[in-house]
Amino acid sequence: MSENKNTNNGLNKGLDKAKEVMDNITEEASSLAGEAGEHIVDIVEDVKEKVEEIISDESIQKAKKKANELTNEAKEVLDDITEKASEVAGEASEHLVDFAEDAKEEFQETKTKTKSLFQRLFGKK
């Protein structure tokens with residue numbers, strides 16, 4: 001009985017650890033995606049500012065407009081990347097938890113079948 005309890009405790013600890021690792025991975029992926037996106041936006045903003053300093057005539061105004069459009073597109077891409085990274089990390093977390101739970105169930109089933117087999121082989125009940 002205590003062996004079964006120890007096994008369950010060990011499996012539960014492993015499952016908890018897997019959940020914790022996936023939570024950390026999700027958090028880190030979101031953080032890294034956010035940081036990368038912020039750097040991209042900062043770079044685009046810097047380029048936009050430099051272009052605005054240099055320009056003054058009508059054709060240059062078109063370049064300013066294009067720089068603004070590119071800045072907005074970069075922000076949208078960043079938002080999409082951050083959202084997708086969070087989704088992927090969340091899905092991976094769910095799959096890992098499901099896998100760990102399935103493995104726990106399979107282990108319990110195998111343990112029960114093995115115990116039953118040994119009891120039948122050696123005549124213990």
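The values are calculated or read from the model by the stated rules, or taken from the named source; none is laboratory data. Just so you know, these numbers come straight off a predicted model, no measurement behind them. A quick note on method: Cβ atoms are made from the backbone with ideal geometry, for glycine too, and the neighbour counts reach across all protein chains shown.
For the condition surrounded by 12 or more Cβ atoms within 10 Å (Cβ to Cβ), at pLDDT below 80 and of a type outside the set (S, T, N, Q), Val51 qualifies. If you check Ser31, Ser93, Ser116 for being in a helix (DSSP H, G or I), under 23 Å from Asn4 (Cα atoms) and among the hydroxyl-bearing types (Ser, Thr, Tyr), only one passes: Ser116.
Of all residues being among the aliphatic types (A, V, I, L, M) and either touching an Asp or Glu at 6+ places or on another chain (Cβ under 9 Å) or in a helix (DSSP H, G or I) (or both) in the stretch 1-28, which is surrounded by the most Cβ atoms within 10 Å (Cβ to Cβ)? Just the residue, please.
Within the stretch 1-28, the subset among the aliphatic types (A, V, I, L, M) is 1, 11, 15, 18, 21-22, 25.
Adding the requirement that they be either touching an Asp or Glu at 6+ places or on another chain (Cβ under 9 Å) or in a helix (DSSP H, G or I) (or both) leaves 11, 15, 18, 21-22, 25.
On the way: Leu11: 17, Leu15: 17, Ala18: 17, Val21: 12, Met22: 19, Ile25: 14.
Among them, the one singled out is Met22.
Checked against (1) loosely packed, with under 14 Cβ neighbours inside 10 Å; (2) modelled with pLDDT of 85 or more, Ile43 meets all criteria but (2).
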